[in-house]
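Colleague: Before we start, here is the structure in question, set down as structure tokens.
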Amino acid sequence: MCKPRLDFTAAEKEMFFYQVNQALLGAHGVDVQFIGVNFLESLVSEFSPSTSSAMGLPREFHEQCRTSLELNYLKTFYRWARDAALSVTNKIIESDAAIPEVKVCTAALRLMLQILNWEFRHDTNSMKAGINVFSAGVRRPECVLVQPGPAWCDVLISSGHVGWLLSLYAALRQKFCHEGYWLDCPIAVSARKLIVQFCSLTGTIFPSDNGKMLENHLLQLLSGILQWIEPPDAVSKAIEEGKSESEMHDGCRALLSIATVTTPFVFDQLLKAIRPFGTLTLLSTLMCEVVKVLMTNNTDEETWSWEARDILLDTWTILLVPLDGNGGDAFLPREGKQAAANLFAMIIESELKVASASVANDDGDSDYLQASISAMDGRLISYALIARGAIDVTIPLLTRLFSERFERLHQGRGIIDPTETLEELYSLLLITGHVLADEGDGETPLVPSAIQTHFVDIIEADKHPVVVLSGSIIRFAEQSMDPEVRATVFSPRLMEAVIWFLARWSHTYLMPFEEAANCHLSHDYEHQHQSIHSRKSLLSFFGEHNQGKIVLNIIVHISMMTLMSYPGEKDLQGLTCHHLLHTLVRRKNICYQLVSLDSWHDLANAFTNEKSLFLLSSANQRSLAQTLVLSASGLRNSEASNQYVQGLMVHMTTYLVELSNKKDLKSVAQQPDIIMSVSCLLERLRGAASAAGPRTQRAIYEIGISIMNPVLLLLEVYKHESAVIYLLLKFIVEWVDGQISYLEAQETASVIDFCMRLLQLYSSHNIGKISISLSSTLISEAKTEKYKDLRALLQLLSSLCSKDLVDFSSDSDEVAGTNIAQVVFFGLHIVTPLISLELLKYPKLCHDYFFLLSHILEVYPETLPQLNSEAFAHILGTLDFGLHHQDLEVVNMCLGALKALASYHYRETCAGKTGLGSHAAGQGNLPEGIFSQFLRSLLQLLLFEDYSPDLVSAAADALLPLILCEQELYQRLGNELIERQANSTLKSRLANALHSLTSSNHLSSTLDRVNYQRFRKNLNSFLMEVRGFLRTM
């Protein structure tokens, strides 16, 4: 039925739907009844904007149709579908053969499911929902909450509909229990999906009765679902013997849905009404059975037990992550804790068996063997949540398991092959690391609240279970310092897990801030007092005044050993440099202790003199240099910090200066060992430059100044070595970025002069240009290489520009600003021709380019008129490209660039100056003039295309100066838009909206802050008013 037919008279609609209802009730036979149900299914689909057909009608009309269906028809259609199913169920149950009524019932169940999947927006008890006019309809995810509102309570809850549905499925299940195919036939699948969807019912459809009706509703569903999943061992055995797993999976999904709409306490209490145990115990028993099957089969193929495990893990995660999202851990009732403890013990047993079995697996593609420490899957996070749910049981369990394996290694050394035990330790380290600590996501993670609030009866810190567990692992890791033990026990793979664990553990427990002890306090005073005492004993044990410095020294020794004793192990060395060592220098209180350790000075000396450390990968060289320089913040003053950094770096600067002074530099520099040495030192310098801070700025500045001439000489010598060129540029970028805001006027002038010489040299050797005579394959490879150089140049120019925004120098020199403008102008001339629209498809290059462009146009708009016509036209072409980019940030920067460009021209012309001069006129494919073209383009985007509402403010800031620059064109475009409207009402609405856009809120023709704010409000109101009927779907 086409949507325009909604213009039927009331009598015509009534007659039409009466005929549809009669068809659904079977008045015209089973075939017509089936067609009627399918008709309503198509109708509901057509009225949803996300699934409707393209009809060329305004989006506002689609939304009106959608609202009309939801408020006036949807519940009626649901009743009709229910009645259609009711009219045929008796025949289906009584018949022993396949009958046509089955397809009617299946279609009716499918229609009911489709209606419950509707995205309900209108609640008669709430204010009218608004229409999102900015983006196209988005499909909802598969697992959703059903929130239809109180008007649906009678048809879904109080009518006994759920009981009928459960009885229907149970009757059919009983009748066909010996037919293996039945569980996967359409009627069974549709019925189960509908039952699972009822488990997601929530919101105002349930009255405010302290959740009683919701609990009764869920208990009724759970009672019907139990037969799908209970007893778990019998269910899994039947599946292993060939029964379909679909019913069991749907039972797991039902538990997930119930967990989503309840609290852990309510979830657990549901089953106690009909069983001697709670729902958490059932959930634990069910998942234990699934884990047993996984442990027995131990295959890499995804079986039914894999999917069941993942669904059940999601259920535990939903229950154990608190609803308030404060980052703590949810608390379980007593029986639930025991259920979690039993499940975690089974999980550990399974993981250890998989670990030991992996030794005999020669398949190099094994998922277990290839698991990445740095990107653990979500399964371990769920394991940790389960463990924390019964933390007083699981921590001692982990301690015992570690002790058993440590003892096994000790007793069997030289007698028994330790490989299986080592794999088990690998697995235990990963699991324990997740249980004890969170990742942090860039911040210092607190001790998990489950650990903080338990073990309150522990008085002596060294007896705290977490201290005992952590200490045993650290002592084990310390044994890797013994060469003999290291050779027989600590394989590179096991050391990866050790280093990963130490990094994660250190971030939380090593010398924590004292205020961390005051987080997540209990509301119970006595329990709170005990928790604080337990917490302080735990945190102080590894603090600065207890065992913290000893443990820190051990960790530094282990780090240096991994870098020097495992040559070629890039992953292990990467974990050490990027994770463990970098974690240590994140906090200043640890840096204070680090720089006082002999072991840290030994590491610094090894960095300077040890040849094996020069063989680290480039990324690890850079990270190690950065870490060592960052640790200088722990020294007593700036002078000491600068001396420390200079001591670290002097060998690099000396080498580069001596190399550049060689008379036969061109020939010597091409030797492979020299290229490798230069590359290594540049990576180290880049790492040091990126770590520059207020205390070390002076030392890093002097390092850069001392090698300015060598850098320029090397740029010329290595003009055909793209890898070295890139390293040179990246070092300069990091150095300038870290220094520019601190430099005084004279120093700034020196840096600007150096950058200008570097750009001239880069340009004179045609570095970065791609020969058109190369084959397409070589051109593609050349683009990939050169785009990195261009990114570096863009970042360099952006860093120079930042001086005008952030300047910590003691003097202010306008000459420096002028010099920066000159070098930026010159840089634009070099970079712009090299950046094609094809290269802008590289996301990082694209971002850096538009960041620079928006910044230059904002800070130095006067440089644009100085560009030649070709370069200026190229910039305009890239702006037009960026305006329609998929990346929100790129579009935002382009809008900022347009705002700067148009506002500069408008202000200049109002002052009687030329503004952009000839550039403002037509350019190539833009015969109208650049502001006319962009005004058209921006209006087209705002009125007719998809974009994020977050862009409206930026678009308003760009549109206002464009309108002021091209007022006649704006009036003409507005009139054309009005004349295209055939509907007089819409024509009037559009005319009024266009008038309000440029006149409401006392809008003026000035470009000040207040006027921009007014226009943003006007544009937002304008779009809300007209976009709905201007856009067609």
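Colleague: Using the structure shown, decide if GLY647 is farther than 15 Å from VAL717 by Cα and at pLDDT below 90.
Modeller: Considered against the rule, which asks whether it is farther than 15 Å from VAL717 by Cα and at pLDDT below 90, GLY647 comes out as no.
Colleague: Could you list, in sequence order, the residues of the range 993-1005 that are surrounded by fewer than 15 Cβ atoms within 10 Å (Cβ to Cβ) and either closer than 11 Å to GLY974 by Cα or of a type in the set (Phe, Trp, Tyr) (or both)?
Modeller: Once the filter is applied, which keeps residues that are surrounded by fewer than 15 Cβ atoms within 10 Å (Cβ to Cβ) and either closer than 11 Å to GLY974 by Cα or of a type in the set (Phe, Trp, Tyr) (or both), the range 993-1005 yields only HIS995.
Colleague: Among what's in the range 240-259 and is of a type in the set (A, V, I, L, M) and in contact (Cβ under 8 Å) with a residue 60 or more places away in the chain, pick the residue that is farthest from THR315 (Cα to Cα).
Modeller: Step by step, filter the range 240-259, then rank; the result is MET248.
Colleague: While we're on this one: Might you let me know whether the range 443-451 holds any residue that is surrounded by fewer than 17 Cβ atoms within 10 Å (Cβ to Cβ), touching a Lys or Arg at 6+ places or on another chain (Cβ under 9 Å) and of a type in the set (S, T, N, Q)?
Modeller: yes
Colleague: Could you please find all residues in the range 602-643 being among the hydroxyl-bearing types (Ser, Thr, Tyr), in contact with a helix residue (DSSP H, G or I) (Cβ under 6 Å, 6 or more places away or on another chain) and assigned to a helix (DSSP H, G or I)?
Modeller: THR608, SER612, SER618, SER623, THR627, SER631, SER633, SER641
Colleague: Sticking with this structure for a sec: Consider the range 676-722. How many of its residues are under 14 Å from ARG622 (Cβ atoms) and either among the hydroxyl-bearing types (Ser, Thr, Tyr) or in a helix (DSSP H, G or I) (or both)?
Modeller: Of the residues in that region, 12 qualify.
Colleague: Only one of these conditions is not met by ARG79: (1) in a helix (DSSP H, G or I); (2) modelled with pLDDT under 85. Which number is it?
Modeller: (2)
Colleague: Also, quick follow-up: Please report, ordered by residue number, the helices (runs of 4 or more DSSP H) entirely within the range 384-485 with at least 1 residues that are modelled with pLDDT of 95 or more.
Modeller: 391-412, 419-436, 465-478
Colleague: Restrict the check to the range 40-54 and report whether at least one residue is buried (at least 16 other Cβ atoms within 10 Å of the Cβ), touching a residue at least 60 places away in the same chain (Cβ under 8 Å) and aromatic (Phe, Trp, Tyr).
Modeller: No, every residue in the range 40-54 fails to be buried (at least 16 other Cβ atoms within 10 Å of the Cβ), touching a residue at least 60 places away in the same chain (Cβ under 8 Å) and aromatic (Phe, Trp, Tyr).
Colleague: Given the criteria touching a residue at least 12 places away in the same chain (Cβ under 8 Å) and surrounded by 22 or more Cβ atoms within 10 Å (Cβ to Cβ), does LEU219 qualify?
Modeller: The answer is no for LEU219.
Colleague: TRP304: aromatic (Phe, Trp, Tyr), out of contact with any Lys or Arg (no Cβ under 7 Å at 6 or more places or on another chain) and either without any contact (Cβ under 8 Å) to a residue 40 or more places away in the chain or over 24 Å from VAL435 (Cβ atoms) (or both), yes or no?
Modeller: Considered against the rule, which asks whether it is aromatic (Phe, Trp, Tyr), out of contact with any Lys or Arg (no Cβ under 7 Å at 6 or more places or on another chain) and either without any contact (Cβ under 8 Å) to a residue 40 or more places away in the chain or over 24 Å from VAL435 (Cβ atoms) (or both), TRP304 comes out as yes.
Colleague: Just give me the residues in the range 610-627 being touching a residue at least 24 places away in the same chain (Cβ under 8 Å) and more than 30 Å from the chain's Cα centre (by Cα), in sequence order.
Modeller: Within the range 610-627, GLU610, SER612, LEU613, PHE614, LEU615, LEU616 qualify.
Colleague: Could you pull out every one of the helices (runs of 4 or more DSSP H) wholly within the range 837-954 that has 1 or more residues that are outside the structural domain of SER798 (by TED's automatic domain parsing), without any contact (Cβ under 8 Å) to a residue 24 or more places away in the chain and not acidic (Asp, Glu)?
Modeller: Answer list for the range 837-954: 888-910, 930-944.
Colleague: Which one of these is crowded, with 17+ Cβ neighbours inside 10 Å, part of a helix (DSSP H, G or I) and in the same structural domain as PHE265 (by TED's automatic domain parsing): LYS237, LYS193?
Modeller: LYS193
The values are calculated or read from the model by the stated rules, or taken from the named source; none is laboratory data. None of these values were measured; they are calculated from a predicted model. Glycine gets a Cβ as well: all are built from the backbone with ideal geometry, and neighbour counts include every protein chain shown.
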